[in-house]
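Taken together, the values in this text are just the output of simple stated rules run on the coordinates, not laboratory data. From a predicted model like this one, the values you see are computed outputs, not experimental measurements. With ideal geometry, Cβ positions are generated from the backbone for all residues, glycine too; neighbour counts draw on all protein chains shown.
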Amino acid sequence: MSYNEPSMPTALTAAACMTPQELIADPLLLIEDGVIAWVGRRTGFVPPPETRTVDFPGAVLAPGYIDVHIHGGAGHDLMSADAAGFAAFESHLVRHGVTSYLPTTVTAPVDDTLHALERLATAIESAERAPAGDLRAQPIGIHLEGPFLSHERRGVHPAEHLQLPSVELFRRFWEAARGRIRIVTVAPELPGAGELLREAIGLGVCVSLGHSDAGFEAAGAAIDAGARHATHTFNAMRPLDHRDPGIAAAVLTDARVCAEIIADGVHVAPSMVELFLRAKGREGALLVSDAISATGMGDGRWRLGSFEVEVRGGICHGGEGKLAGSCLTLDRAVRNVMSFAHWQLQDAVCLATLNPARELREVPKRGMLVPGARADIAVLSPDGEVKHTFVRGIGSDPTH
């Protein structure tokens, strides 16, 4: 079943709607020209003439998910994907309720990174120009993960291509990306990190603390200077210690930081996911997939940037006992939060919708179901399974 006539007003009805701040029972959501025109209780509302009504009995309407940290999927790595690769990848995302995302880089030779940023900027601009009709997730900016990372906490990022933070180099990346960088991950303890942080914030870029061996004080100083995000908390970070709390404690205890978590039960144990969520709460946590090209494809050898990763049993092995991204999807992460931390669906949905939209300064255009917002909608079962996805008011059944 498909719903692909953008010019026709469409009313969606369901058992409930999560805006996600408000829970509306027996809702009606009206879409006109790809934008939400009205949302509220169905009782008493009279839609415009010629409105088509689509009912999802027993289902829940939620904002489309936003993944701010993702390297690839459906067999395609985003640093090298062509137009067909982006189309396949973005169609894959929609099947999992994701309607917006930040293609994320991995450390590579500088020239390779510059070329990748140019290609990603082109993909973003093409998506902005595309007419409504294609049921694909939209890239809305770039997450630059690397090369300004700690050697001690580099994970699988190639050591030979890491760089000390440099305003000059960041400016080259910014120009290659044509101003499309939205998040940059930086290890705050490195020389030059303070200058880079000020430069990035001045350009409107969200600075994320990650791949870092920083102590508590260095991390706190970066937060005081304006860093407000944390990259995959606990992973590639100085471990939390009761006498040497380090960067992890700064991230967990400072309400100014919205912190990513890879809630797959592999990168972070379920009990630690629960501890993280108790510390950060509904407003301070953010779900990401950190997914690589293998996602949705099965075991084998798959690309992550300039190198290969072996996937066994759905786990991405980068050698030396290190994980190399994930095969997680964001809808699975939402359901895992419900399982690991015993959260309700509405609370878990916030971590994949409202919170990333706030970090990217996209509220209320994205991340919310309110009048004036894009009609990017995930239709969920009560336990968080994605049944349908709408992008700019165009929807279809992702199971077909």
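Between Arg361 and Ser271, the contour length at 0.36 nm per residue exceeds the Cα-Cα span by 29.3 nm.
Assuming 0.36 nm per residue, please report the length gained on full extension of the stretch Glu310 to Gln21 beyond their Cα-Cα distance.
Details: separation 289, 0.36 × 289 = 104.04 nm, distance 4.01 nm.
Gain on extension, Glu310 to Gln21, equals 100.0 nm.
The angle between the Cα long axis of helix 167-176 and the main principal axis of the chain comes to about 40°, on a 0 to 90 degree scale. Build a GNM of the chain with springs between Cα atoms under 10 Å apart, and of Ser326, Ser271, Ser381 the one that fluctuates most is Ser271. Each Lys or Arg adds one and each Asp or Glu takes one away; over the other residues whose Cβ falls under 13 Å from the Cβ of Val68, this sums to -1.
With both labels modelled 7 Å from their Cα along Cα-to-Cβ, the Asp383 to Phe45 distance reads 2.9 nm.
Measure nothing but the geometry: give the 0 to 90° angle between the long axis through the Cα atoms of 83-94 and the longest principal axis through the Cα atoms of the chain, rounded to 10°. It works out to around 70 degrees. Only Cα pairs under 8 Å and 6+ residues apart enter the sum, and on that basis the relative contact order of the stretch 65-359 stands at 19 percent. Take every DSSP beta bridge with both residues inside the chain and express the antiparallel ones as a percent of the total, to the nearest 5. In the chain, approximately 55 percent of DSSP beta bridges are antiparallel ones. The label point for Asp82 and the one for Arg52, both projected 7 Å from the Cα toward the Cβ, are 3.4 nm apart.
Using the Cα centre of the stretch 65-359 as the reference point, and only Cβ charges (+1 on K/R, -1 on D/E), how large is the resulting charge dipole? Debye, rounded to the nearest 20.
On the way: 26 positive and 36 negative charges, 114 e Å.
My answer is approximately 540 debye.
Distance distribution P(r), the stretch 1-126, all Cα-Cα pairs, bin width 5 angstrom from 0: 2, 9, 15, 17, 14, 11, 11, 9, 6, 4, 1, 0, 0 percent. Length available on full extension from Glu118 to Asp33: 0.36 nm per residue minus the Cα-Cα distance, which gives 27.5 nm. Projecting the Cα atoms of Val370, Val334, Leu345 onto the charge dipole of the stretch 321-374, computed from C-beta unit charges around the Cα centre, puts Val370 farthest toward the positive end.
Distances over 31 Å make up what percent of all Cα-Cα pairs in the stretch 65-359? Show your work: numbers first, answer last.
On the way: 8552 of 43365 pairs.
Here the tail beyond 31 Å accounts for 20 percent of pairs.
Could you pull out the GluC sites (Glu not before Pro) across the stretch 272-353 that fall in loop regions by DSSP (anything but H, G, I, E, B) with no more than 15 other Cβ atoms inside 10 Å? Those satisfying the criteria are Glu320.
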